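A short write-up of the structure that comes next.
The values are calculated or read from the model by the stated rules, or taken from the named source; none is laboratory data. Predicted, not measured: the structure shown is a model, and the values here were computed from it. Reconstructed Cβ throughout: ideal geometry from the backbone, glycine too, with neighbour counts over all protein chains shown. To get the accessible areas, we keep the full protein, side chains included, count just its heavy atoms, and leave off ligands, DNA and RNA. Shrake-Rupley method; radii C 1.70, N 1.55, O 1.52, S 1.80 Å.
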Amino acid sequence: MAFSSGMAAISAVFDLFGQGDHFIVDEDLYGGSVRLFEQLAQRCGMEFTTIDISTGDIAPYLRANTKAVYLETPTNPMMHVTDLKKLSAITKAHGLLLIVDNTFLSPYFQNPLDLGADIVVHSGTKFLAGHHDTIGGFAVVKDAGLAEKLRTISKSVGSALAPFDCWLVIRGIRTLAVRMDRAAQNAQAIAAYLQKSPYVTRVIYPGLPDHPGHKIMQEQARGYGAMISFEVVSAAFARSILENVELFYFAESLGGTETLITYPITQTHADVPKTLLEKNGINDRLLRLSVGIEGERDLIDEFERVFALAAMKTGAEKIQK
Ligand SMILES: *Cc1c(COP(=O)(O)O)cnc(C)c1O
């Protein structure tokens with residue numbers, strides 16, 4: 001079912017539940033989802049337990065009123081990977097719904113329904129539409145009863161996607177495969193470049209063999225996606241990069257043809273509580289990239305240029321690699 005935004009799709013899914021229901025949700029999520037869950041807790045008396053689901057160990061958090069488990073894999077922005085088949089065996093055994101936000105990989109790289117999920121949500125605004133020119137969202141289910149309930153919610157609250165935006169998303173999906181392949185290929189090259197850079201202290205990309213979720217991704221996905229998070233030597237260095245990029249844009253959102261660079265701590269995750277930010281490692285040196293489909297050489301050249309500029313402006317010293 002198509003909704004007016006990714007958040008409208010996620011809201012509709014939570015409209016399936018009511019007061020007193022309990023959910024286990026991942027601690028590293030899209031900031032808007034964190035905000036929605038806080039509101040649902042305050043206004044509607046729903047209960048949320050926030051944990052690192054990628055450990056697979058949800059049993060200690062189950063309650064009699066637990067209804068569903070909600071996560072992204074890889075997560076935003078720390079790229080934790082969860083083994084969906086293993087998790088779905090646990091949720092099935094306890095009669096819980098497994099809800100997966102599959103925005104980061106899109107259906108081209110990963111199909112959570114085939115891995116045991118009950119509900120998949122997407123922000124269609126991102127890779128599916130792919131051009132930063134519309135907003136849309138999707139909820140995907142196998143079960144006919146769930147589908148009927150979601151359809152009724154969509155009609156009742158009026159959150160369906162408008163015809164013109166449907167057309168834009170359909171047009172975007174026609175090139176989804178070539179865009180995803182190219183963006184992922186660029187991302188792999190940039191991740192390798194960043195790993196070697198003397199100004200980068202950490203690179204988080206599931207396509208790198210040393211990423212803890214690399215093996216699981218090989219089994220449950222067909223690609224590693226185009227999202228990379230990385231830490232630079234200082235907050236001043238990070239800010240200088242953001243001030244000086246030209247080929248790509250300092251902007252929120254993701255999944256379009258152009259590369260975007262984001263500062264999670266003041267942008268996408270500004271509404272996430274400080275304690276959770278610290279626990280998750282979202283600090284003022286962390287930047288997130290949504291890699292686009294530009295020429296690989298151009299992208300690497302742009303990094304070389306902004307890194308050299310940032311090093312000069314901040315007096316950063318090179319670290320040994
Ligand atoms: C953007 C995004 C959303 C929300 O989608 P909108 O279409 O912007 O409402 C949800 N989940 C993830 C992972 C996202 O990146």
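With respect to Thr73, is the statement that it is open to solvent by less than 30 Å² (accessible area, probe 1.4 Å), of a type in the set (Ser, Thr, Tyr), modelled with pLDDT of 95 or more and farther than 26 Å from Lys279 by Cα true? Explain how you work it out, then say what you get.
On the way: open to solvent by less than 30 Å² (accessible area, probe 1.4 Å): yes; of a type in the set (Ser, Thr, Tyr): yes; modelled with pLDDT of 95 or more: yes; farther than 26 Å from Lys279 by Cα: no.
Considered against the rule, which asks whether it is open to solvent by less than 30 Å² (accessible area, probe 1.4 Å), of a type in the set (Ser, Thr, Tyr), modelled with pLDDT of 95 or more and farther than 26 Å from Lys279 by Cα, Thr73 comes out as no.
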- Task: Would you be able to say whether some residue in region 25-33 is of a type in the set (Asp, Glu), under 16 Å from the mean Cα position of the chain (by Cα) and in a strand (DSSP E or B)?
- Result: yes
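Do you know which residues across region 129-155 are within 13 Å of the ligand (Cβ to nearest atom) and either among the aliphatic types (A, V, I, L, M) or part of a loop (DSSP other than H, G, I, E, B) (or both)? Break it down stepwise before answering.
The initial filter retains those residues of region 129-155 that are within 13 Å of the ligand (Cβ to nearest atom), namely 129-130, 132-139.
Those that are within 13 Å of the ligand (Cβ to nearest atom) and either among the aliphatic types (A, V, I, L, M) or part of a loop (DSSP other than H, G, I, E, B) (or both): Ala129, Gly130, His132, Asp133, Thr134, Ile135, Gly136, Ala139.
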- Task: Quick one: in region 108-128, of everything that is touching a residue at least 60 places away in the same chain (Cβ under 8 Å) and either in a loop (DSSP other than H, G, I, E, B) or open to solvent by 40 Å² or more (accessible area, probe 1.4 Å) (or both), which residue is nearest to the ligand (Cβ to nearest atom)?
- Result: Thr125
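Tell me which residues, restricted to region 15-30, are within 13 Å of the ligand (Cβ to nearest atom) and open to solvent by 30 Å² or more (accessible area, probe 1.4 Å). Walk me through how you get there before you give the answer.
Within region 15-30, the first condition is being within 13 Å of the ligand (Cβ to nearest atom), and the residues that meet it are 25-26, 28-30.
If the condition is that a residue be within 13 Å of the ligand (Cβ to nearest atom) and open to solvent by 30 Å² or more (accessible area, probe 1.4 Å), then Tyr30 is the only one that fits.
Working carefully through the options Ala2, Ala12, Ala8, find the one that is of a type in the set (A, V, I, L, M), over 19 Å from Leu71 (Cβ atoms) and open to solvent by less than 20 Å² (accessible area, probe 1.4 Å).
Working: Ala2 fails: open to solvent by less than 20 Å² (accessible area, probe 1.4 Å); Ala12 fails: over 19 Å from Leu71 (Cβ atoms).
On inspection, the qualifying residue turns out to be Ala8.
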- Task: Provide a single number: the residues in region 31-54 that are within 11 Å of the ligand (Cβ to nearest atom), open to solvent by 10 Å² or more (accessible area, probe 1.4 Å) and either in contact with a His (Cβ under 9 Å, 6 or more places away or on another chain) or over 26 Å from Glu252 (Cβ atoms) (or both).
- Result: 1
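What about Leu208, is it surrounded by fewer than 21 Cβ atoms within 10 Å (Cβ to Cβ) and either part of a loop (DSSP other than H, G, I, E, B) or of a type in the set (Gly, Ala, Ser) (or both)? Even if it seems obvious, please write down each step before you answer.
Numbers: surrounded by fewer than 21 Cβ atoms within 10 Å (Cβ to Cβ): yes; either part of a loop (DSSP other than H, G, I, E, B) or of a type in the set (Gly, Ala, Ser) (or both): yes.
Taking the combined requirement at face value, the residue satisfies it.
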- Among (1) hydroxyl-bearing (Ser, Thr, Tyr); (2) within 14 Å of the ligand (Cβ to nearest atom); (3) open to solvent by 40 Å² or more (accessible area, probe 1.4 Å), where does Thr103 come up short? (3)
